[in-house]
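*Asks:* A single structure is presented below for examination.
The values are calculated or read from the model by the stated rules, or taken from the named source; none is laboratory data. Model, not experiment: these values are computed from the prediction. We place every Cβ from the backbone using ideal geometry, glycine too, and count neighbours over all the protein chains shown.
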Amino acid sequence: MGKTGVAHFLEHLAFKGTTRIGTTDWQAERVLLDQLDQLDGQIREAIATGKDPKALQAEFAQVQAQADQYVKSNEFGQIISQAGGVGLNAATGTDFTLYFYNLPANKLELWFSLESERFLDPVFREFFKEKEVVLEERRTGIDNPIRRLLQTMQDQAFSVHPYKRPVIGYEEDIRNLTRQDVQEFFETHYVPSKLTIGIVGDVEPQQVKQLAEAYFGRYTPKAATPSTISPEPPQTAPKEFTLELDHQPVYVEGYHRPAINHPDNAVYEVIAKLMSDGRRSRLYSQLVEQQQVALSASGSNGYPGNKFAHMILFLAFPKPGVSLEQLAQSLQAEIIKIQQEPIDLRDLERVKKQFKAEVLASLGSNGGMASNLVEAEVKLGDWRKLFEIIDRVEAVTPEDIQRVAKATFTEANRTVGRLVSKK
Amino acid sequence: MGFRRIWGVRAIYIWLCGLVLAGLMIFGNNTPASAAPRHYTDLEFPPLPEVRLPDYNRYELPNGLVVYLMEDHELPFISGTALVRVGDRWEPQTQVGLASLTGTVMRSGGTKQYTGDELNQLLEEGAASVEAGIGSDAGSVSFSSLTEDVEKVFGWFAGVLTEPVFAPEKLELAKSQSRGRIERRNDNPGQILGREFTKLIYGATSPYASLTEYATLDRIDRESLVKFHQQYFHPNNTMLGISGDFNPQQMQKLIQEKLGSWQPKQNLELPPLPEVNQVTIGGVFLIPQPRLNQSYVRIGHLGGMVKDRDYVPLNVLNEVMNSFGGRLFDEIRSRQGLAYDVYGFWSPQFDYPGVFVAGGQTRSETTVPFIKGILEEIDRLRTTPITPAELARAKDSTLNSFVFNFQTPNQTLSRLMTYAYYGYPQDFIFQYQKQVANVTAADIQRAAQGNFQPDKLVTLVVGNPETIQPPPNSSQSRGGGDRYYHSPRLAI
């Protein structure tokens with residue numbers, strides 16, 4: 001508690017190097033980094049107790065300048081790009097953190113060397129500067145009204161589950177994070193039993209295994225700390241909220257649904273596609289083309305994550321002159337249709353074929369395949385389940401769709417969000 | 001080099017279809033002895049095999065349609081694109097939006113054989129697609145299909161390309177969608193920045209910057225779309241590229257059958273390209289958006305073309321400026337913590353002058369230091385040669401990642417067509433590779449001095465005037481008719 005954003009902040013700091021990468025003299029640098037942590041603590045204490053922090057702040061700036069002398073900025077990323085790496089990046093979501101890039105196949109061992117050292121021996125240098133970078137990243141999100149609408153949706157719809165919180169963290173929490181906090185999070189969660197690697201490309205599996213043992217075999221085994229995440233209790237009454245922002249109106253409604261490993265997951269996949277995938281989808285053909293109440297309307301699963309029970313959302317942008325109420329009614333009518341009328345078998349076949357083709361197309365690039373396999377392994381416990389979903393979708397019946405729609409799209413389970421224009 | 005993977009994707013597909021679980025192995029059974037881990041500086045790498053272009057076939061139909069075929073049997077898909085010499089730069093300025101609407105309604109409005117709704121149904125039942133679009137300097141109609149459905153899908157594609165009927169109700173829908181986008185175009189600060197910056201550089205009435213407005217939409221009717229399509233969509237003004245899982249003889253036959261009778265246009269004449277000049281020379285402009293916590297900043301001036309002599313050194317310079325180890329990223333982001341997003345790019349176009357742009361987002365309070373930081377870096381590139389380490393990093397990045405230009409046959413095909421479309425040599429990318437290998441720090445400095453022009457840099461900020469420090473000076477109204485466009489004074 002009070003440390004939201006630490007996983008994402010750590011992801012930024014994982015680009016700062018190690019005791020051997022990113023520094024000209026680790027022994028000298030280390031002393032200064034420790035000093036900075038101490039000074040930072042003293043400055044906070046001074047501010048908290050109403051003392052003047054100016055002298056401490058001046059000292060901090062001086063020590064920071066000294067520490068900077070030893071830093072080889074972004075050396076870790078530079079090594080990768082100089083070796084021909086492309087697409088170097090990382091992403092932190094609600095369910096996991098993913099680090100990824102592509103290297104030419106002859107540099108396979110370079111990947112093993114750099115990635116294993118990266119988490120064997122990380123140094124969270126330039127900590128205070130990077131905190132500013134993260135705060136900038138957060139501001140970009142705050143300045144985006146759609147993101148604020150969705151952020152408020154998760155905040156309102158969830159009462160106890162961490163899906164309530166923004167991945168990037170609350171501002172206050174980010175400001176209060178210390179290097180020690182990041183270190184503790186690292187030691188608790190970056191354990192080998194929680195790490196899954198996916199490699200796809202022009203490589204020999206035997207060699208990959210050999211290298212994996214050599215490089216990642218260096219990690220000390222450590223059991224993962226048991227999860228203490230509380231399940232979200234069922235929502236029992238409708239919720240709604242309105243944001244008044246300098247932006248044209250937007251409507252969103254969301255319903256709680258079970259986690260990705262639930263047997264009905266495939267039914268939800270079919271419902272979302274039926275509602276919003278393509279020009280034949282219910283929302284496009286009805287709301288955009290026929291009734292012309294929306295500029296666009298879509299539905300999606302997996303908000304804000306999907307490892308745990310989460311939400312299916314419907315997001316719509318009204319046409320000029322159409323009220324949010326009118327739009328909500330049209331959307332509601334489509335939802336009721338799904339509940340009350342069995343779906344046409346031709347529509348169901350269409351959605352199933354589209355689903356299959358999409359899974360297949362997602363395997364078209366090495367990067368796409370690697371991330372899909374890793375995600376299935378991590379969330380579903382087995383990479384093969386990536387393909388099982390095809391069979392499950394194939395088995396969905398019109399009755400399944402009505403059953404799940406009736407159970408999910410109830411008034412009590414609904415949260416409505418309205419973004420209205422500030423006058 | 002082959003495009004080999006751990007296992008064939010095709011094998012997965014077969015497995016998906018419930019036949020066999022072939023070749024799907026993560027690891028074999030033999031556990032080899034472990035090698036000793038090494039620090040990256042101790043590693044040596046075998047050379048990559050030389051890039052080999054996948055075979056392709058280029059031919060021309062008697063009606064002038066140029067065809068490229070490139071087989072790729074990894075997935076059971078076939079995709080294709082007809083690239084048409086057209087663009088919104090050739091639409092009348094009284095009818096801005098005409099080209100884009102033509103592209104949209106070619107597809108949505110249906111063909112002589114099928115209504116748009118029927119096409120939607122047919123395509124989506126086959127997990128296939130046909131899409132059309134016209135951008136600034138090119139138009140395209142493309143399709144993708146499972147191998148088994150290609151005869152049908154290609155027929156629908158050919159219908160959209162050659163016989164669209166522009167159903168009036170679909171034009172009305174597309175126009176009403178356009179009006180909705182106009183109403184929402186100030187919702188996103190990044191969009192305001194991009195649009196207004198382009199207007200500053202090229203001029204609000206340049207075809208490269210002009211915007212679709214309610215008034216220009218009102219002047220567009222079905223007849224205008226029909227005419228615009230008739231003016232440009234001819235086989236002798238089009239090239240067709242198809243890649244994927246096909247048999248070449250069958251594909252040639254299919255093309256002949258569906259497009260062989262497409263009548264060429266005699267004496268085809270295309271309008272000249274619009275003239276390009278930088279209309280605003282220097283200056284700092286602010287578009288007030290009081291809701292923002294951050295300033296969205298773009299700094300730049302008119303740039304050049306890909307065929308220019310300095311293209312190569314300036315591209316290498318892009319590497320020096322950006323990403324991990326790049327000057328802007330290292331200095332403004334990592335060392336000063338002023339931004340999450342910061343960039344600087346020489347961004348040329350193929351057949352008209354592009355732009356040089358730098359910028360990013362920073363909190364309102366640091367707007368001025370952020371801009372100054374970027375200007376200093378631009379200046380430093382002009383005045384001091386880059387270091388040998390920077391040169392090596394920039395060149396190595398380009399040369400070592402060269403293989404990623406050839407990830408799929410489709411990528412290679414689309415590049416070949418792009419070169420052909422703009423009149424560049426087919427081996428342009430290999431010439432580029434050679435020139436990068438030979439570029440020197442002196443070449444780069446010369447290119448920076450010759451092409452970066454500090455006096456011409458225009459700075460545009462979309463941000464909150466209340467919190468920018470030091471605050472902007474008294475407002476100086478600027479013509480141009482856009483209500484967001486005033487107060488052009490920041491103390492930089």
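*Asks:* Count, please, the residues in region B:34-91 that happen to be of a type in the set (Val, Ile, Thr), in a loop (DSSP other than H, G, I, E, B) and crowded, with 21+ Cβ neighbours inside 10 Å.
*Replies:* 1
*Asks:* Moving on to the next point. Return the residues of region B:201-218 that are assigned to a helix (DSSP H, G or I) and touching a Lys or Arg at 6+ places or on another chain (Cβ under 9 Å); say none if nothing qualifies.
*Replies:* B:214, B:217, B:218
*Asks:* Applying the selection to region B:219-249, what residues are in contact with a Phe, Trp or Tyr (Cβ under 8 Å, 6 or more places away or on another chain) and assigned to a strand (DSSP E or B)?
*Replies:* The answer is B:239, B:240, B:241, B:242, B:244.
*Asks:* May I pose another question? Restricting attention to region A:260-269, does a residue exist that is within 12 Å of chain B (Cβ to nearest Cβ) and over 21 Å from the mean Cα position of the chain (by Cα)?
*Replies:* Within region A:260-269, not a single residue is within 12 Å of chain B (Cβ to nearest Cβ) and over 21 Å from the mean Cα position of the chain (by Cα).
*Asks:* Need the failing condition index for residue B:337 against (1) of a type outside the set (S, T, N, Q); (2) at negative phi; (3) within 14 Å of chain A (Cβ to nearest Cβ), just the number.
*Replies:* (2)
*Asks:* Kindly list, by first and then second residue, each pair from a residue in region A:167-183 that is at positive phi to a residue that is at pLDDT 95 or above, limited to pairs with Cβ atoms under 7 Å and residues at least 6 apart or on different chains.
*Replies:* A:169/A:4; A:169/A:5; A:169/A:8
*Asks:* Let me ask another. Criterion first (within 14 Å of chain A (Cβ to nearest Cβ) and β-branched (Val, Ile, Thr)) does residue B:362 satisfy it?
*Replies:* It is true that residue B:362 is within 14 Å of chain A (Cβ to nearest Cβ) and β-branched (Val, Ile, Thr).
For every residue, the table says whether it meets (1) surrounded by fewer than 24 Cβ atoms within 10 Å (Cβ to Cβ); (2) over 26 Å from the mean Cα position of the chain (by Cα).
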position	(1), (2)
B:100	yes, no
B:108	no, no
B:126	yes, yes
B:135	yes, no
B:149	yes, yes
B:167	yes, yes
B:182	yes, no
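*Asks:* Does region A:177-219 hold any residues that are crowded, with 17+ Cβ neighbours inside 10 Å, within 12 Å of chain B (Cβ to nearest Cβ) and in a loop (DSSP other than H, G, I, E, B), and which are they?
*Replies:* Passing the criteria: A:198, A:199, A:200, A:201, A:202, A:203.
*Asks:* Looking at residue A:329, is it of a type outside the set (Lys, Arg), touching a residue at least 60 places away in the same chain (Cβ under 8 Å), more than 9 Å from chain B (Cβ to nearest Cβ) and surrounded by fewer than 16 Cβ atoms within 10 Å (Cβ to Cβ)? Steps first, answer last, please.
*Replies:* Working: of a type outside the set (Lys, Arg): yes; touching a residue at least 60 places away in the same chain (Cβ under 8 Å): no; more than 9 Å from chain B (Cβ to nearest Cβ): yes; surrounded by fewer than 16 Cβ atoms within 10 Å (Cβ to Cβ): yes.
So residue A:329 does not fit the description; no.
*Asks:* Based on what the data block shows, is residue A:313 of a type in the set (A, V, I, L, M, F, W, C), within 29 Å of the chain's Cα centre (by Cα) and more than 14 Å from chain B (Cβ to nearest Cβ)?
*Replies:* yes
*Asks:* Can I ask one more? Scan region A:342-367 residue by residue and report those that are touching a Pro at 6+ places or on another chain (Cβ under 9 Å) and over 30 Å from residue B:407 (Cβ atoms).
*Replies:* Matches in region A:342-367: A:342, A:343, A:344, A:345, A:348.
*Asks:* Can I ask one more? Given the condition more than 14 Å from every other protein chain (Cβ to nearest Cβ) and surrounded by fewer than 18 Cβ atoms within 10 Å (Cβ to Cβ), answer yes or no: does some residue in region A:19-26 qualify?
*Replies:* Taking every residue of region A:19-26 in turn, at least one turns out to be more than 14 Å from every other protein chain (Cβ to nearest Cβ) and surrounded by fewer than 18 Cβ atoms within 10 Å (Cβ to Cβ).
*Asks:* Restrict the check to region A:87-103 and report whether at least one residue is outside any strand (DSSP E or B), out of contact with any helix residue (DSSP H, G or I) (no Cβ under 7 Å at 6 or more places or on another chain), within 30 Å of residue B:295 (Cβ to Cβ) and not basic (Lys, Arg).
*Replies:* yes
*Asks:* Continuing with this model, one more query. List pairs: first in region B:165-186 and closer than 19 Å to residue A:297 by Cα, second in a helix (DSSP H, G or I) and of a type in the set (D, E, K, R), Cβ under 7 Å, 6+ apart or cross-chain?
*Replies:* From residues that are closer than 19 Å to residue A:297 by Cα, the pairs are B:173/A:289.
*Asks:* Scan region B:232-269 residue by residue and report those that are within 23 Å of residue B:134 (Cβ to Cβ) and without any contact (Cβ under 8 Å) to a residue 12 or more places away in the chain.
*Replies:* B:267, B:269
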